[in-house]
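Shown next, in structure tokens, is the structure this report addresses.
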Amino acid sequence: MSRPLVPGLVTEGDTDVLFLSRVIGRQLRALTDYAPRPVDVQAVQYSACRMIKDDERIRQAIHELAGDCHLIFLHSDHRERAKADRHAGREVIPLIPVKETEAWLLADAQVWARVPGADVRRLPAKPREVERISDPKAVLRTVLSGVGHRKVDEHFAFAGDHVDLAVLAQLPAYAEWVDTTSKALRSHGFL
């Protein structure tokens, strides 16, 4: 019999939910694939509260998710890092890129090579270089400017489903999150 694992997520915005909820689910499944006891990673539960709100509202969102979730991930971009860190704990894990989530979408050029009209020439040669991009949102818009059948926001879920987790693991901020998540899974008996 498998043990359920329900992740929760509080983000800055809707596009973050589209990308990160898929990446979180995939990464948790990858981490628990070789657990001593089968783990059934459930769909990510997310809060309507956004990390841009005040600390009390974020505490309330965490409390609400904690009723159903084993681990709760708090996503902020770099400007709000301190806020996510203030709420971190045994079940609450910050999920913070060096700059913005959009940089993580740019790490795996193969994702965008599958999208007709995308300009992959605009992507850095090495995945780690995406964390040095000063405006990842602008670069993502440029990469997708030749794609006429979708808005940029609609690509977040696609990227979350197809980005290579091994490529993301080359990004120091992502690798740190995976390490912290692995420790939390061990402390909760999932690994």
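The values are calculated or read from the model by the stated rules, or taken from the named source; none is laboratory data. It should be emphasised that the depicted structure is a prediction, and the values quoted were computed from it without experimental measurement. Backbone-built Cβ (ideal geometry, glycine too); neighbour counts: all protein chains shown. The accessibility values were calculated without ligands, DNA or RNA, using every heavy atom of the protein model including side chains. Shrake-Rupley method; radii C 1.70, N 1.55, O 1.52, S 1.80 Å.
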| note | Scanning the range 80-108 for residues that are surrounded by fewer than 18 Cβ atoms within 10 Å (Cβ to Cβ) and at pLDDT 95 or above gives none
| Residues within the range 138-191 that are farther than 20 Å from Val98 by Cα, of a type outside the set (A, V, I, L, M), open to solvent by 30 Å² or more (accessible area, probe 1.4 Å) and in a loop (DSSP other than H, G, I, E, B), tallied | 8
| request: State which residue is farthest from Leu31 (Cα to Cα) when the search covers only the range 131-179 and only residues that are touching a helix residue (DSSP H, G or I) at 6+ places or on another chain (Cβ under 8 Å) and polar (S, T, N, Q). | output: Thr142
| request: Output the number of residues of the range 115-136 satisfying the condition of being open to solvent by 70 Å² or more (accessible area, probe 1.4 Å) and either within 21 Å of Asp161 (Cα to Cα) or in contact with a strand residue (DSSP E or B) (Cβ under 6 Å, 6 or more places away or on another chain) (or both). | output: 3
| message | Testing Val23 on (1) free of Cβ contacts under 8 Å to residues at least 60 places away in the same chain; (2) within 25 Å of His155 (Cβ to Cβ), one condition comes back false. Which one is that? | response | (1)
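Quick one: in the range 54-79, of everything that is charged (D, E, K, R) and surrounded by fewer than 16 Cβ atoms within 10 Å (Cβ to Cβ), which residue is modelled with the lowest pLDDT? Break it down stepwise before answering.
First pass over the range 54-79, keeping only residues charged (D, E, K, R): 54-57, 59, 64, 68, 77, 79.
With surrounded by fewer than 16 Cβ atoms within 10 Å (Cβ to Cβ) added as a condition, the list becomes 54-57, 59, 68, 79.
Details: Asp54: 88, Asp55: 90, Glu56: 93, Arg57: 93, Arg59: 94, Asp68: 95, Arg79: 76.
So the residue we want is Arg79.
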| request: Scan the range 11-53 for residues that are farther than 26 Å from Met1 by Cβ, open to solvent by 40 Å² or more (accessible area, probe 1.4 Å) and more than 14 Å from the chain's Cα centre (by Cα) and jot them down. | output: Ala48, Ile52, Lys53
